[in-house]
Amino acid sequence: MARLFEYQAKKLLKEQGIKIPRGEVAHSPEEVYQIAVQLNRPVVLKAQVWLTGRAEKGGILFASSPEEAKQKAQELFGRKIGKFTVEEVLVEEKLAIAHEYFAGLVIDDHVKKPVIVFSSVGGTGIEELAQKDPAKVLRLTVSLSQGIKEFEMRNLLRRRGFQGKLLAQLSATLTKLYTLARQLEARSLEVNPLVLTESGDLIAADCHLAVDDYAVFRHPELPIEVAREFDRPPTPLEKIAYHVEKRDYRGTFYFLQMAEDVSPEDKMIGFHGAGGGGSMMSMDAVLAQGFKLANYCDTSGNPPASKVYRAARIILSQPYLKGYFASGSGAASQEQYHSARGLVKAFLEENLAIPAVIRLGGNYENLAVQILHTYLSRVKGVVEGYGHADSAEYCAQRLAELVEENGFLSHQVSPLVYPDFSRFSYRFSTMTGEVLVDHQACARCQTKGCIKACLAGILTLDQDGRPVLNISPAEAQRGKCTECLACELFCKFHEQEAIYIYLPIPGLEEYRRQIIAFQTRPKGGKN
């Protein structure tokens, strides 16, 4: 589930008409001081991290003056809390609390419906309370078709003994919480504590909001950069990878970085799976050979070759890898030659110098293996392709043998290099890139094999015998050109190298510059 920081969630509560404490988010001790001066009362400083129990971890501090707030903020900024480094601090007025409640909404997977949860005892330990004394916790299953009306909530709370102004505030707040959660397709929305102040106001003192990963694209208004469930901030490379997935709905590309701080001494490999179960089995196989995983990656669901290409280039943006291992379920229904072509283009552009073992079990696996062996003879590293009959354990053993034969050479991240674009006189856009054609070089072509390689019939020959679009540019850009890469590979290996398919990966060029600087730092320097 994709989560929001507290101050982001509270902004949404305020827009829904739910009261929140006065305050602002700060990015430095100086900003904390300025906000405290504006509030002109005792304040609470809250580290913005995706963790519960912040108070016990030292992530919530109190201050009675702006000077004290600034001093305590210096303790928070840059501090490690869990796997987070504190970069933002929410500065709020300290509330005069008369009573604490818990209010929230969760999706109950057992009944497959939203459930409103309310307790007259809020704060830390609400989960334990619900287990020990269920009678103190109100749970209301809500009909998806009917929803919940405020008068229904009011009647329910009245039977629990609430009355007067508090009854009106509670019923309105709980109804608004449900409305907001429904609008945002939230998996959970919790206000803990929901406090009653000494002046009689009901205020959301804290808030946790998690949105279904697969619903995030429908909510561009939400400040969610990466729709993944993390127990830490996403890494820069994970952000780059997620935006590849975000821009291209065809198939799956899931990338999770498992190690950032690596060294040449680590027996680290890049892992590229296809399908959850088969990927887990394949990871076990390489771990049994003593390898460590730099990342987890999954390209399944019949992705185009272009998506597999981008996945491989992102995996190979990690330094000091000793090998590259790709293995999925062994019986995938997707055409494996798409994955093979994507890997070939990536490995060629990398001039891969480390061994790679690729297990492509599924439809057309023999053709996929043939593509790997035919077109990757130019790279420095040994690349071996296998099908479903070869177990993940055997393929992992082969990778271990090849890594040893390669002297445990480490992969060195290199700059992204592209051909001279000015020589391509003909070009058209695809869904995520561009097809570039050098018509001058095409004049020397003997076979016109790119036309036959394009099984979708996207290309045809013009009156001068040069490849051009056989469909409208708009159709190609909408996805009728599937970015299968077949025309580029045929032309590169059998003709004039007149076709190049440009598949940009936003942010990767700058990221690689930083990694290259890290690789070349003096020994003993800091990362």
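Looking only at segment 284-296, decide whether some residue is of a type in the set (V, I, T), open to solvent by less than 10 Å² (accessible area, probe 1.4 Å) and closer than 21 Å to L409 by Cα.
Going residue by residue through segment 284-296, those that are of a type in the set (V, I, T) are 286.
Of the ones still in play, those that are also open to solvent by less than 10 Å² (accessible area, probe 1.4 Å) are 286.
Pick out the ones that are also closer than 21 Å to L409 by Cα and you get 286.
Within segment 284-296, one or more residues are of a type in the set (V, I, T), open to solvent by less than 10 Å² (accessible area, probe 1.4 Å) and closer than 21 Å to L409 by Cα.
Within segment 261-277, can you find the residues that are of a type in the set (D, E, K, R) and either surrounded by 14 or more Cβ atoms within 10 Å (Cβ to Cβ) or under 10 Å from the mean Cα position of the chain (by Cα) (or both)? Quick ask: steps written out before the conclusion?
Filtering segment 261-277 for residues of a type in the set (D, E, K, R) gives 261, 265-267.
Those that are of a type in the set (D, E, K, R) and either surrounded by 14 or more Cβ atoms within 10 Å (Cβ to Cβ) or under 10 Å from the mean Cα position of the chain (by Cα) (or both): D266, K267.
Scan segment 372-386 residue by residue and report those that are buried (at least 16 other Cβ atoms within 10 Å of the Cβ), free of Cβ contacts under 8 Å to residues at least 60 places away in the same chain and not in a strand (DSSP E or B).
Keep residues of segment 372-386 that are buried (at least 16 other Cβ atoms within 10 Å of the Cβ), which gives 372, 375-376, 379, 381-386.
Going one step further and asking which of them are free of Cβ contacts under 8 Å to residues at least 60 places away in the same chain, we end up with 372, 376, 379, 381-386.
Scanning segment 372-386 gives L372, L376, V379, G381, V382.
Only residues that are aliphatic (A, V, I, L, M), farther than 29 Å from P42 by Cα and open to solvent by 30 Å² or more (accessible area, probe 1.4 Å): list them for segment 75-124, please. Before the answer, list the steps.
First, pick out the residues of segment 75-124 that are aliphatic (A, V, I, L, M): 76, 81, 86, 89-91, 95-98, 103, 105-107, 111, 115-117, 121.
Then drop every residue that is not farther than 29 Å from P42 by Cα, which leaves 105-107, 111, 115-117.
Across segment 75-124, the qualifying residues are V106, I107, V111.
Can you tell me which residues in segment 250-260 are within 24 Å of E404 (Cβ to Cβ) and either touching a Ser or Thr at 6+ places or on another chain (Cβ under 6 Å) or open to solvent by 30 Å² or more (accessible area, probe 1.4 Å) (or both)? It would help to see each step written out before you state the result.
So the first thing to find is which residues in segment 250-260 are within 24 Å of E404 (Cβ to Cβ), and the list is 258-259.
Correct list: M258 only.
Out of all the residues in segment 487-499, which are buried (at least 21 other Cβ atoms within 10 Å of the Cβ) and not in a loop (DSSP other than H, G, I, E, B)? It would help to see each step written out before you state the result.
Start the filter on segment 487-499 by keeping residues that are buried (at least 21 other Cβ atoms within 10 Å of the Cβ), which leaves 487-489, 491, 498-499.
Residues satisfying the conditions are C487, E488, L489, C491, I499.
Condition (residue is of a type in the set (V, I, T), over 8 Å from the mean Cα position of the chain (by Cα), open to solvent by less than 60 Å² (accessible area, probe 1.4 Å) and farther than 20 Å from R313 by Cβ) applied to segment 225-244: is it met by at least one residue?
Taking segment 225-244 first, the residues of a type in the set (V, I, T) are 226, 235, 240, 244.
Keeping just the survivors that are over 8 Å from the mean Cα position of the chain (by Cα) gives 235, 240, 244.
Narrowing the set further to residues that are open to solvent by less than 60 Å² (accessible area, probe 1.4 Å) leaves 235, 240, 244.
After this cut, where a residue has to be farther than 20 Å from R313 by Cβ as well, the list is none.
No - not one qualifying residue is present in segment 225-244.
Of the numbered conditions (1) closer than 30 Å to L144 by Cα; (2) in a loop (DSSP other than H, G, I, E, B); (3) out of contact with any Leu (no Cβ under 6 Å at 6 or more places or on another chain), E100 satisfies every one except a single condition; which is it?
The single condition E100 does not satisfy is (2).
Which is farther than 18 Å from I81 by Cβ, surrounded by 19 or more Cβ atoms within 10 Å (Cβ to Cβ) and either touching a residue at least 24 places away in the same chain (Cβ under 8 Å) or touching a Phe, Trp or Tyr at 6+ places or on another chain (Cβ under 7 Å) (or both), of P42, P21?
P21
Select, from S199, S188, the only residue that is closer than 21 Å to K11 by Cβ, hydroxyl-bearing (S, T, Y) and in contact (Cβ under 8 Å) with a residue 40 or more places away in the chain. Spell out the reasoning first.
Working: S199 fails: closer than 21 Å to K11 by Cβ.
The conditions single out S188.
Checking A47 against (1) of a type in the set (A, V, I, L, M, F, W, C); (2) farther than 20 Å from C207 by Cα; (3) crowded, with 19+ Cβ neighbours inside 10 Å, which test does it fail?
Every listed condition holds for A47 apart from (2).
Considering only residues of segment 357-371 that are outside any helix (DSSP H, G or I) and open to solvent by 50 Å² or more (accessible area, probe 1.4 Å), which is nearest to G275 (Cα to Cα)? Walk me through it before giving the result.
First, the residues of segment 357-371 that are outside any helix (DSSP H, G or I): 357-364.
Then drop every residue that is not open to solvent by 50 Å² or more (accessible area, probe 1.4 Å), which leaves 363-364.
On the way: N363: 14, Y364: 17 Å.
This residue is N363.
In this structure, is F162 in contact (Cβ under 8 Å) with a residue 12 or more places away in the chain and either touching a Lys or Arg at 6+ places or on another chain (Cβ under 9 Å) or open to solvent by less than 30 Å² (accessible area, probe 1.4 Å) (or both)?
On the way: in contact (Cβ under 8 Å) with a residue 12 or more places away in the chain: no; either touching a Lys or Arg at 6+ places or on another chain (Cβ under 9 Å) or open to solvent by less than 30 Å² (accessible area, probe 1.4 Å) (or both): yes.
Criteria not met by F162.
Within segment 409-421, which residues are of a type outside the set (S, T, Y) and surrounded by fewer than 19 Cβ atoms within 10 Å (Cβ to Cβ)?
From segment 409-421, those of a type outside the set (S, T, Y) are 409, 411-413, 415-417, 419-421; that's our starting set.
L409, Q412, P415, L416, V417, P419, D420, F421, listed by residue number.
Taking segment 503-527 only, how many residues are within 23 Å of K239 (Cβ to Cβ), among the polar types (S, T, N, Q) and modelled with pLDDT under 90?
The total comes to 2.
I need the full set of residues from segment 500-513 which are of a type in the set (K, R) and open to solvent by 20 Å² or more (accessible area, probe 1.4 Å), in order please.
The first filter runs over segment 500-513 and keeps only residues of a type in the set (K, R), leaving 512-513.
R513 - this is the single residue of segment 500-513 that is of a type in the set (K, R) and open to solvent by 20 Å² or more (accessible area, probe 1.4 Å).
Checking the condition closer than 17 Å to L503 by Cβ, among the hydroxyl-bearing types (S, T, Y) and open to solvent by 20 Å² or more (accessible area, probe 1.4 Å), which residue from S472, S429 passes?
Details: S472 fails: closer than 17 Å to L503 by Cβ.
Among S472, S429, only S429 is closer than 17 Å to L503 by Cβ, among the hydroxyl-bearing types (S, T, Y) and open to solvent by 20 Å² or more (accessible area, probe 1.4 Å).
Might you let me know whether segment 448-469 holds any residue that is within 30 Å of K239 (Cα to Cα) and in a helix (DSSP H, G or I)?
Let us first name the residues in segment 448-469 that are within 30 Å of K239 (Cα to Cα), namely none.
Looking for residues that are within 30 Å of K239 (Cα to Cα) and in a helix (DSSP H, G or I), one finds none in segment 448-469, hence no.
Which of the residues belonging to segment 398-408 are open to solvent by 80 Å² or more (accessible area, probe 1.4 Å) and either polar (S, T, N, Q) or under 32 Å from the mean Cα position of the chain (by Cα) (or both)?
Matches in segment 398-408: F408 only.
If you scan segment 223-250, which residues turn out to be modelled with pLDDT under 85 and outside any loop (DSSP other than H, G, I, E, B)?
Once the filter is applied, which keeps residues that are modelled with pLDDT under 85 and outside any loop (DSSP other than H, G, I, E, B), segment 223-250 yields nothing.
Sort out for me the helices (runs of 4 or more DSSP H) sitting completely within segment 251-356 that have 2 or more residues that are closer than 24 Å to Q397 by Cα and at pLDDT below 90. Give the derivation first.
On the way: elements: 276-288, 305-315, 336-350.
Here the list reads 276-288.
The values are calculated or read from the model by the stated rules, or taken from the named source; none is laboratory data. Note that the structure is predicted; figures quoted are calculated from it, not measured. Please note: Cβ atoms are built from the backbone with ideal geometry, for glycine as well, and neighbour counts cover all protein chains shown. Each accessible area value is taken on the protein alone, full model and side chains, heavy atoms only, with ligands, DNA and RNA left out. Shrake-Rupley method; radii C 1.70, N 1.55, O 1.52, S 1.80 Å.
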